[in-house]
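See below for the structure under consideration.
The values are calculated or read from the model by the stated rules, or taken from the named source; none is laboratory data. Keep in mind it's a predicted model, so treat the numbers as computed, not measured. Glycine also receives a Cβ, built like all others from the backbone with ideal geometry; neighbour counts cover every protein chain displayed. For accessibility, only protein heavy atoms count, side chains too; no ligands or nucleic acids. Shrake-Rupley method; radii C 1.70, N 1.55, O 1.52, S 1.80 Å.
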Amino acid sequence: MPAQYIKGVGPVRAAVLERIGVETVNDLLNHFPFRYEDRRKMKSIRGIMDNEETNIYAMVTKHRIVPLRRRRTALLKIVLEDGTGKAEMVCFNQPYLAEALPVGTQMIVHGKFRKKGTALQVSNFEYEKLAGTDEDLISTKRIVPIYPATEGLNQRFLRTIIKRVLDENAGSFSETLSDDIIRNHSLAPYSEAIMNVHFPQSFEYMEEARGRLIFEEFFYWELGMALKKLKVKEVEKERKYEVKKVLLSRFRENLGFEFTKAQKRVINEVFNDMLSPNPMNRLLQGDVGSGKTVVAISALLLAVENGYQAALMAPTEILAEQHMNTLDKLLSNLGLKVELITGRQTPKTRKAILERIEEGKADIVIGTHALIEGKVKFSKLGLVVIDEQHKFGVIQRARLREKGSSLDVLVMTATPIPRTLAMTVYGDLDVSVIDEMPPGRKPVITNSMKDTLCYDFVMKKVKEGSQVYIVYPLVNESDKLELKSVVEMAEKLKNTLFKKARVGILHGQMKSSEKESIMKRFLDKEIDILITTIIIEVGIDIPNASVMVIEHSERFGLATLHQLRGRVGRGAEQSYCILLGRAYSAESRQRKKVMLSTNDGFRIAEEDLRLRGSGEFFGTEQHGLPELKLANIVTDHKILNTARKAAFDLIEEDPDMELEENRNIRSKFTKKYKSRFALGDVG
Ligand code: ADP
Ligand code: MG
């Protein structure tokens with residue numbers, strides 16, 4: 001039912017409610033308090049101290065109108081007495097209270113009382129007239145909920161309508177979990193929880209209610225994960241793979257290095273998935289520089305040597321371009337057809353490429369998100385690898401499956417996600433971890449110094465033959481003004497301090513061909529210093545570059561700083577990361593401290609999560625994190641674990657949720673969550 005039809009709401013207030021995301025009665029019930037005030041304590045007026053926040057039970061004995069100088073309105077003071085003393089409600093801009101609270105009104109007043117001379121005054125108050133029983137009180141003499149609100153929507157109104165809905169439906173709320181689960185986890189029943197989360201009988205009841213609702217939020221999310229995982233496992237591939245090693249062996253010969261132990265292990269895990277009769281759905285985690293690309297290529301080659309097409313998707317054009325070059329180099333004598341699709345090809349070129357893909361003439365296709373756009377049709381697609389998955393999000397992952405439900409999918413990410421979060425975001429995937437760096441790497445030395453010292457250092461390193469990145473923050477790559485100032489700054493450096501170096505400038509607004517040529521010249525060591533925006537944040541691999549200077553580093557988040565630093569330290573040379581800029585906020589100081597103290601991506605991710613909270617950690621929508629109302633992935637991870645187990649157990653026992661006891665769960669899941677998990681069209 002639309003919230004508009006709740007008594008006391010109507011179209012105008014309904015519009016305001018919509019602003020806080022409340023459209024239906026159900027939304028309203030799920031609009032939870034963000035804190036509570038204990039207003040249970042009553043006090044007699046005589047005992048109140050200066051500045052005390054409390055409740056009194058009193059009667060209106062007099063109205064006083066105090067004319068205000070230089071103002072048209074007068075000030076209303078309402079005198080209250082309770083037999084022990086007097087207090088005054090000072091009513092600014094509320095002349096209507098004179099009529100609403102006539103002499104003789106009995107009521108409870110809550111507020112902060114101030115002593116003004118001999119008078120006791122309260123100007124910021126909430127009151128309730130005494131009509132029925134204490135049960136009917138909503139804003140006084142109880143634990144009072146404080147809701148997220150907005151302009152034009154006050155607490156009192158929210159409390160009133162929520163209480164109304166709760167009272168009217170008391171006894172008719174249906175249970176949303178099974179008896180088994182409720183019993184096994186000692187949870188409060190739904191009807192009790194929903195009452196106590198809004199109007200708790202006690203703080204213990206409130207905790208219990210919240211615990212139950214948090215469990216429920218996690219449970220349904222994990223149920224979706226469990227079903228998704230199951231669905232993929234249920235599909236049978238038509239493909240039959242064999243490790244023929246035709247392409248793979250030659251690729252290994254071309255490499256020029258041995259795989260690390262960790263790389264061998266995860267390649268095995270990936271191959272096992274591909275050889276199995278069910279589709280692969282695997283996440284490959286490995287810190288920046290750990291060597292994920294060659295794992296991806298091994299998988300691509302296994303698909304191709306078995307006669308299938310394989311796709312590799314990258315989040316940026318320059319990264320896609322780089323992958324193209326890497327494959328060109330490593331697979332040059334294998335006779336494979338590799339195609340690159342980006343968003344900026346001419347229609348004609350594009351059309352020709354699409355045709356080759358559709359006719360099966362392309363073995364490997366590399367591209368940005370353009371790859372999963374509807375127009376790309378494969379003749380025999382078997383495998384998709386998504387690089388830097390965290391830059392895409394689950395939506396794209398879901399759309400990918402539309403290309404074929406039995407596809408093998410490998411997603412790779414360098415942003416090591418704290419375990420708790422990984423379970424939530426990638427709970428339907430199997431996980432492989434590269435926990436070892438290629439041999440001979442020296443940890444990057446991170447420093448912070450004055451700009452002038454840094455530029456001297458840069459020139460010194462350039463003279464020694466090193467290559468340098470200088471990165472400027474640009475909040476919005478398409479912001480022309482901001483970009484202009486970065487380009488001007490770069491030009492200035494180029495013509496003054498860096499006059500003796502070969503300087504290149506790179507940003508997102510440049511033409512693809514220009515970007516490509518700059519990157520190529522940097523790779524070929526024709527450029528010493530690359531001044532750029534964060535378009536080089538992920539994936540770029542130029543092992544000779546050994547200095548990363550981050551301008552205004554205080555403006556970047558930890559994940560980005562770690563990724564940027566990961567652009568250096570990829571060769572045998574000692575690398576440096578220099579953080580410029582002053583940390584003004586406590587948070588940016590903390591970020592800097594973390595960066596100076598560790599190179600470990602997992603630790604950095606944990607700190608990041610702690611500093612930002614889970615909501616912002618990923619940007620909720622993009623990454624398909626559950627929209628959690630009460631639950632907090634970080635602080636409630638214990639509940640998350642039990643809820644996850646309960647959900648996975650249930651699906652293992654009763655995959656179609658057919659048992660009588662699971663009916664509630666099934667119907668709630670279908671109604672509320674099914675579409676979110678894109679179950680049905682997506683494995
Ligand atoms: P990331 O995991 O960040 O994607 P890359 O795949 O780009 O890392 O690899 C980083 C660098 O390490 C590349 O230059 C790559 O050629 C090199 N590399 C990868 N594996 C090894 C290895 N086993 N031994 C030596 N160098 C390696
Ligand atoms: Mg990479």
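From 542, 534, grab the single residue that is open to solvent by 20 Å² or more (accessible area, probe 1.4 Å), in contact with a Phe, Trp or Tyr (Cβ under 9 Å, 6 or more places away or on another chain) and within 16 Å of ligand 2 (Cβ to nearest atom).
Working: 542 fails: open to solvent by 20 Å² or more (accessible area, probe 1.4 Å).
The unique qualifying residue is 534.
Working carefully through the options 97, 80, find the one that is closer than 12 Å to residue 122 by Cβ and either in contact with a helix residue (DSSP H, G or I) (Cβ under 7 Å, 6 or more places away or on another chain) or open to solvent by less than 20 Å² (accessible area, probe 1.4 Å) (or both).
On the way: 97 fails: closer than 12 Å to residue 122 by Cβ.
One residue alone meets the criteria, 80.
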Legend entry - Subset tally (residues that are open to solvent by 70 Å² or more (accessible area, probe 1.4 Å) and assigned to a loop (DSSP other than H, G, I, E, B)) for segment 321-372: 5
Legend entry - Filter pass, residue 278 being free of Cβ contacts under 8 Å to residues at least 40 places away in the same chain, open to solvent by 30 Å² or more (accessible area, probe 1.4 Å) and either in contact with an Asp or Glu (Cβ under 8 Å, 6 or more places away or on another chain) or of a type outside the set (D, E, K, R) (or both): no
Inset, instruction - Give just the number: which of (1) open to solvent by 40 Å² or more (accessible area, probe 1.4 Å); (2) in contact with a Lys or Arg (Cβ under 7 Å, 6 or more places away or on another chain) does residue 583 not satisfy? - result: (1)
Legend entry - Of residues in segment 430-464 being open to solvent by 80 Å² or more (accessible area, probe 1.4 Å) and of a type in the set (Asp, Glu), the one modelled with the lowest pLDDT: 435
Legend entry - Odd one out for residue 537 among (1) closer than 29 Å to residue 413 by Cβ; (2) without any contact (Cβ under 8 Å) to a residue 24 or more places away in the chain; (3) within 16 Å of ligand 1 (Cβ to nearest atom): (2)
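Take the residues of segment 404-422 that are modelled with pLDDT under 70 and more than 16 Å from ligand 1 (Cβ to nearest atom): which is most open to solvent (accessible area, probe 1.4 Å)?
Looking at residues that are modelled with pLDDT under 70 and more than 16 Å from ligand 1 (Cβ to nearest atom), I get 419.
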Inset, instruction - Report, ordered by the first and then the second residue, all pairs with beta carbons closer than 7 Å, sequence separation of six or more or different chains, a first member in segment 81-106 that is in contact (Cβ under 8 Å) with a residue 40 or more places away in the chain, and a second member that is of a type in the set (Phe, Trp, Tyr). - result: 87/113
Legend entry - Single unsatisfied condition, residue 519 versus (1) open to solvent by 30 Å² or more (accessible area, probe 1.4 Å); (2) out of contact with any Pro (no Cβ under 9 Å at 6 or more places or on another chain); (3) touching a residue at least 12 places away in the same chain (Cβ under 8 Å): (1)
Legend entry - Hey, residue 490 open to solvent by less than 10 Å² (accessible area, probe 1.4 Å), more than 19 Å from residue 315 (Cα to Cα) and assigned by TED's automatic domain parsing to the domain that holds residue 470 or not: yes
Inset, instruction - Please give the helices (runs of 4 or more DSSP H) falling wholly within segment 173-291 in which 1 or more residues are more than 16 Å from ligand 2 (Cβ to nearest atom), among the hydrophobic types (A, V, I, L, M, F, W, C) and within 30 Å of residue 436 (Cβ to Cβ). - result: 203-234, 246-255, 261-275
